Structures are given as structure tokens and as C-alpha cells.
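Please read the structure below before turning to the comments.
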């Protein structure tokens, strides 16, 4: 039987395209060793070091048991690594290899591409959260706040993902792939030490606190810490992240190109 | 498909400079021209990648940029190079593209036809040039498009591979698919095309059926092309 090529065009339903794309990116990411290092090995290693060796008691993490202080901050780092660093690097190389162009000539659409990418990021984050929270409990993590804390953590993960994914996509849209690779890793390191991810804003020199507090990394990490240490829903941090997401998302929409 | 007085500039330089051409449905149309003549830019304007500085492009009655989401499911595009993740397996990529369409071609038959079975689990970066070309062509037609744009579809293929692709292009046309191809292979254009357009310095300098352009076979298309483009380049 010979195949017929008689035209019968049509786009798959939006949700199926998004699902296909998310699954595709998720699988490619799992196949990529460096990305897994960034997503799991570094945050897990830090958590074990800070929460399991006594090192955390000698570093400026704040007041309280080291593991309780370390878990929310390591969760913030995990969100940053996946939604920003991994996404920026992967998207930069997609542009380099003509994948973005190929998808631009497919029925996927911009919203489908974006939603698929966010879907794959969230799927990776589910694994990261499960591993890090599991390791936290094994080290004796004792979060407070019950339902409010759970809601706060989810709110922070979603708002943080929106803000940092926008930043990653912006970077991948305006820089060359190699420059994106370098800049995304550099910014990850800078925010890790200088962006109030691992150290609370209050531990910074007075003159810097005002600036550091405005960074999305500070909002994310402090919001997560407030949720699990005090059991409050971090609305102010959510607002800060939403504003970052709005501004950066607007810039992404202005600079996005299919090639 | 209609292109009317298209101008596309990169900075100061006009890559396409007042180009007009019409493609009739259900035909094979070749766009020939020297490197840098504006072939790829013209095709990319039809695919929505280039914004015209002036003039108009209509594909299936749609504007490739403003009606992007409506047009894309209806066309198939074979890029000149790249277009896949370096770590993706050949058939994984094809299945993914197929899943974006509502009535994709029967995959086993397509895989067999384009001889992709043996390299199905090979990561894209390790495919040979010919395998990449055949995968790229498969991705262009898997969604059962009305128009396919093929940018140098047989570059890097061995003679058997070329003949198979030629036959596939004929089969597409016979089933009612409109084919627009750019090529440097004059025999390819002569064998396949219903209509040929020669582009030079961003303009169409000659159009016609291969039969008319070669004066009913009195000259070869290559000689006609060389004469046309030599005169133009002075």
C-alpha cells in the first residue's frame, strides 16, 4: 500500500502540543548530566553539608537549628537552578541549533512553546522538591505552619519560577548561546552568594541590605524561609516576584524571535 | 502563494529588492539563483521569519507574520540546516513533530520511505549529512501540509538518495501538495519543476516552465542559468 500525501493539515489541540513539548524537554534534560548536576547534586550537597555536618551552625544562616534554616534556602537555590540557569542555557542552545526556528515553522505557537517549557521546568522542580524535602526530613527538619507553610512554599515556587524563567528566556533571546551559558552560570553563582539565597538579608552589611532586599532571589529565599520557619504566607515576597515576572516577561515578549 | 514587490533589508543592504512571484497550487516551483541572491530570504519571508520592509507576502491567503498560528499548521518547512536538539534521537524528534499535528502521516510508512529506520535511535548530532536531510524532509511533510518549502533538499545526498527524494517530491505533487524548492542543482530543477524562477540580486530575472526556458530542450537549463546570471552579475 502506498502512502497518500493528500493534504490534511491541522494543529493538534493546544494542551496536547504543550504536553508533547514539556515531555520532550523533560526527557532531554534528564539525559543531560550537567543539568542534573545543577538541578540536584549541588542543592542536595549543600543541604547535607549545612544540615548534616554542623557546618551550618558556623555560617551566617540566621538563628535556629541549621537544618531548619538550610532547607528553605536550598529549595530557593533549586528553583533558581531549574527555572533560570537550566532554562536559559537550554533555550540558548535551541536557538543556536535552529530548534527554535524549526518550532517557529510548526503548529506549536509561542504560547505553546512557553507553556511547554514551564511545564518541563515544573516537572523537574517536583522531583527536586521531593528529593530535597525528603533529605531535609531525614536530617531532622522541623517546619512550622502546616497548611499555610505548604501554600507559602507552592506560592513561592510558582512566583519564583515565573520571575526567573522570564529572566532566563530574556537572556537566551538577546545573547549568543555561549554568552548565555557563561552569564547564566555566573549569575547563578553571584545570586547564590550575593543575592540572599543562602544568607538572610539581615546578615548583609547595612548599606547593601536595601539593594539586596529588592532582588528576586532575596524575595524567593526569604519568602520560603518565612513560610517554613514562621508559618506565614509571604505575600510581600510574592508581590515582589510577580512584579519582576511582569517586567521581565514584558521584555521577553518584546525581544522574542523565532530564529 | 503570492509575493508582491517584496523588499527585505539587512541593515543597509537589500537582500530581496522588489521581488514578485506567484506560485500556483499543486505545482512544483523552483527558485534558482547564485549564493546571496535572496532565495532563502524570500522563502523565509513566506515562512514568517522575515518581516518585509515593504511589499506583501500571502501564503494560502494568509499573512505569514500576522496569521502565524493559523498558517503554520498548513505548511511544511525543511530548513537548510539544523532544526533538532543535539541529543534527541531521530525518531523521537519525528514523533514529537508529528504529535503537534492532528492528522500526521502514518509514521512507519514514512520512516520506511525515507530509510530512517536504521538510524532511529541515533542522537541527532551523530546522524550523517544524508540522514539529517532525510529526517528534515520527514519533519516537513509529516503534518500533511498544503505547501512544503524545501531549502536545498538534496544537498549532501548520494545519487540514490537524490533520486528517492525526487520521486517523493513528484508523489507529493501528484497528491496535490504544492512544493516550493530552492536548489543549486539544475538537473533537479529541470526534472521536477512545473515552473522555474531565476533570482539574482534580490529580483526575479527570468520565469517560465523548464521547457520554455530551455527553448524546448535546445539548451540545457544550466547553460540558460549561467547566461542569465553572468549577464546580471556584470
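Okay, here's what the table says:
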| item | result |
| --- | --- |
| Residue match in region B:124-131 (condition: crowded, with 20+ Cβ neighbours inside 10 Å, in a helix (DSSP H, G or I) and modelled with pLDDT of 95 or more) | yes |
| Qualifying residues in region B:100-110 (those that are crowded, with 20+ Cβ neighbours inside 10 Å and assigned to a loop (DSSP other than H, G, I, E, B)) - the one nearest to the other protein chains (Cβ to nearest Cβ) | B:100 |
| Test: residue in region B:35-48 that is outside any helix (DSSP H, G or I) and within 14 Å of chain A (Cβ to nearest Cβ) | yes |
| Checking residue A:182 against (1) buried (at least 17 other Cβ atoms within 10 Å of the Cβ); (2) farther than 12 Å from residue A:77 by Cα, the condition it does not meet | (1) |
| Sole residue being in contact (Cβ under 8 Å) with a residue 40 or more places away in the chain and under 22 Å from residue B:85 (Cα atoms), chosen from B:136, B:193 | B:136 |
| Residue that is farthest from the other protein chains (Cβ to nearest Cβ), among those in region A:11-36 that are assigned to a loop (DSSP other than H, G, I, E, B) and surrounded by 16 or more Cβ atoms within 10 Å (Cβ to Cβ) | A:32 |
| Residue A:136, sole failed condition from (1) surrounded by fewer than 22 Cβ atoms within 10 Å (Cβ to Cβ); (2) part of a helix (DSSP H, G or I) | (1) |
| Hits in region B:54-99 - residues which are more than 7 Å from chain A (Cβ to nearest Cβ), under 26 Å from residue B:176 (Cβ atoms) and in a helix (DSSP H, G or I) | B:68, B:70, B:71, B:94, B:95, B:98 |
| Filtered residues of region A:202-238 (kept if within 20 Å of the chain's Cα centre (by Cα) and over 20 Å from residue A:144 (Cα atoms)) | A:212, A:213, A:214, A:215, A:216, A:217, A:218 |
| Helices (runs of 4 or more DSSP H) wholly inside region B:171-234 that include at least 3 residues being touching a strand residue (DSSP E or B) at 6+ places or on another chain (Cβ under 8 Å) | B:186-192, B:221-233 |
| Some residue of region A:70-80 being out of contact with any helix residue (DSSP H, G or I) (no Cβ under 8 Å at 6 or more places or on another chain) and either in a helix (DSSP H, G or I) or closer than 27 Å to residue A:228 by Cα (or both) | no |
| Members of region B:135-168 that are closer than 27 Å to residue B:38 by Cα, facing chain A (nearest Cβ under 10 Å) and either in contact with a strand residue (DSSP E or B) (Cβ under 6 Å, 6 or more places away or on another chain) or assigned to a loop (DSSP other than H, G, I, E, B) (or both) | B:136, B:140, B:141, B:145, B:146, B:147, B:148, B:149 |
| Residue satisfying condition, being within 17 Å of the chain's Cα centre (by Cα) and more than 14 Å from every other protein chain (Cβ to nearest Cβ), within set A:39, A:70 | A:39 |
| Residue list for region B:174-203, filter: modelled with pLDDT of 95 or more and surrounded by fewer than 19 Cβ atoms within 10 Å (Cβ to Cβ) | B:174, B:175, B:176, B:194 |
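The values are calculated or read from the model by the stated rules, or taken from the named source; none is laboratory data. Only a predicted model underlies this, so the values are computations on that prediction, with no experimental measurement involved. Cβ sites come from the backbone with ideal geometry, for glycine too, and all protein chains shown count toward neighbours.
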